[in-house]
Amino acid sequence: MAKSKIAVFASGTGSNYDAIINQINTGTLDCEVALLICDKPEAEVIKKAKINQTPVFTFNPKQYESKALFEKEIVFELKQRDIEWIILAGYMRLIGPTLLSEYESRIVNIHPSLLPAFPGKDAIGQAFEAGVRVTGVTIHFVDEGMDTGEIIDQEAVRVDLDDTRLTLQQKVQKVEHRLYPQTIQKLITNQNRAIERGTKA
Ligand code: GAR
């Protein structure tokens with residue numbers, strides 16, 4: 001069976017993009033990152049994509065009259081490359097109906113908290129300020145809401161009394177970098193089995 005093609009959507013540093021590439025290179029994740037979509041032309045993740053020779057589609061949302069217009073261009077890029085899965089990795093933008101309808105149940109997001117706690121921006125800072133002793137990581141299917149959608153997997157991270165925002169971020173991201181590639185592999189394996197059986201994943 002041909003390798004599943006995924007597109008990673010990112011807006012920032014790209015440590016999750018890197019973790020996905022590393023797991024592909026070590027053979028524990030069987031897919032191809034065939035495209036990086038980035039809404040911030042200056043983002044660090046673009047440099048990482050260039051090093052790994054991942055094709056990049058960058059756009060500036062401010063140059064479009066509506067979300068539907070830039071999402072139409074994204075759909076065109078995705079279809080050109082036969083992308084099957086959209087993997088959001090720090091893409092700080094809500095997905096609109098144009099993309100959702102084209103990739104129903106094929107868009108996945110990672111969020112640095114145990115959803116439904118602490119949705120939105122700076123979830124790690126929110127957890128730190130709230131003084132919770134447990135936070136974590138959630139991977140979920142994407143719908144029209146902010147960090148809503150069916151939960152696929154979660155893992156807890158303890159917040160120790162001597163943690164700072166930085167050490168907490170490091171602990172949460174360490175879990176993200178292991179859990180995201182693992183979960184993507186499970187989704188792809190399930191999809192491949194369903195294709196073999198002739199059913200829908
Ligand atoms: C990750 O921690 C991810 O969970 C978070 O952005 C970070 C991106 O880091 N996503 C969200 O907060 C989504 N609401 P990265 O660019 O180093 O992968």
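The values are calculated or read from the model by the stated rules, or taken from the named source; none is laboratory data. Model, not experiment: these values are computed from the prediction. In this analysis, Cβ positions are derived from the backbone assuming ideal geometry, glycine residues included, and neighbour counts consider all displayed protein chains. Side chains included, ligands, DNA and RNA excluded: accessible areas come from the protein's heavy atoms. Shrake-Rupley method; radii C 1.70, N 1.55, O 1.52, S 1.80 Å.
Listed values, structure above:
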quantity: Region 96-142: translational diffusion in µm²/s, Stokes-Einstein, Kirkwood Rh over Cα pairs, 20 °C, 1.002 mPa s; calculated: 181 µm²/s
quantity: For the chain, accessible area per residue (1.4 Å probe, heavy atoms of protein chains only), Å²; calculated: 52 Å²
quantity: Surrounding net charge for Asp153, when Lys and Arg each add one and Asp and Glu each subtract one, Cβ distance under 13 Å; calculated: -1
quantity: Positive minus negative residues near Lys47 (Lys, Arg vs Asp, Glu; Cβ under 14 Å); calculated: 0
quantity: Average Cα contact separation per residue, region 93-201, under 8 Å, 6 or more apart, as relative contact order %; calculated: 23 percent
quantity: Choice from Leu166, Leu29, Leu100 showing the highest fluctuation, given a GNM over the chain with Cα pairs closer than 10 Å; calculated: Leu166
quantity: Estimated FRET transfer efficiency (Lys121, Glu196; beta-carbon r; R0 35 Å; 0.05); calculated: 0.30
quantity: Entries in Lys3/Lys40; Lys5/Lys48; Lys40/Lys121; Lys121/Lys171; Lys3/Lys186; Lys48/Lys72 that, when Cα-Cα distance is taken, lie over 20 Å; calculated: Lys3/Lys40; Lys48/Lys72
quantity: Placed amide H near Thr54: partners under 5 Å, 5+ positions off or other chain; calculated: none
quantity: For region 154-162, 3J(HN,Hα) per residue [Karplus equation, 6.51 cos²θ - 1.76 cosθ + 1.60, θ = phi - 60°, Hz, x = Gly/Pro]; calculated: 9, 9, 7, 10, 6, 9, 7, 4, 8
quantity: Viscosity 1.567 mPa s, temperature 4 °C, Stokes-Einstein D of the chain from Kirkwood C-alpha radius, µm²/s; calculated: 74 µm²/s
quantity: Glu129 versus Thr26: modelled label distance in nm, points set 7 Å from Cα along the beta carbon direction; calculated: 3.5 nm
quantity: Sequence-separation-based contact order of the chain, relative, with Cα cut under 8 Å and 6+ spacing, percent; calculated: 19 percent
quantity: Carbon and sulfur %, accessible surface of region 1-154 computed with the full protein complex present, 1.4 Å; calculated: 51 percent
quantity: FRET E, pair Thr189, Asn52, Förster distance 22 Å, beta-carbon r, rounded to 0.05; calculated: 0.40
quantity: Shape metrics for region 119-161, restricted to C-alpha atoms - Rg then Dmax, Å; calculated: 11.5, 36
quantity: Estimated FRET transfer efficiency (Asp82, Lys174; beta-carbon r; R0 41 Å; 0.05); calculated: 0.80
quantity: For region 61-163, the fraction of alpha-carbon pairs in successive 5 Å shells from zero, as %; calculated: 2, 12, 21, 20, 16, 12, 9, 5, 3, 1
quantity: Cα-based radius of gyration of region 130-201 once divided by 2.2 N^0.38 Å, which approximates compact folds; calculated: 1.42
quantity: Potential extension, Phe141-Glu155 segment - 0.36 nm per residue separation minus Cα distance; calculated: 3.5 nm
